[in-house]
Amino acid sequence: MLAHYCPGSGGLRNNITLEIKTCPQCGADVELFSIDKRVACDKCGFVVYNNVQSCIEWCRYAEQCFGTEMYNRLKQRR
């Protein structure tokens, strides 16, 4: 069986880790897996973003995959 996925996203799927971040709005713990781009806080709904930076630097489809807002935000960090 052939896997159908973006070849540049391998780093996003392999070695999945869990990070607990603090919601900047209410202070609650937010569980964010390394494959998540963003997660809403269960307590207040504030959206917490992951620090994903990988194929965004070279893939011509990165803006389509991440969405324009997230793509621009990640590109600014570089």
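The values are calculated or read from the model by the stated rules, or taken from the named source; none is laboratory data. What you see is a predicted model; the values in this text were computed from it and never measured. Counting neighbours? That spans all protein chains shown, and the Cβs are built from the backbone with ideal geometry, glycine included.
Quick look at the values:
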| read-out | value |
| --- | --- |
| So TYR5, is it modelled with pLDDT of 75 or more and of a type in the set (Ser, Thr, Tyr) | no |
| Among residues of segment 67-78, those that are modelled with pLDDT of 80 or more and not polar (S, T, N, Q), counted | 5 |
| Which numbered condition LYS37 fails, given (1) modelled with pLDDT under 75; (2) charged (D, E, K, R); (3) touching a helix residue (DSSP H, G or I) at 6+ places or on another chain (Cβ under 7 Å) | (1) |
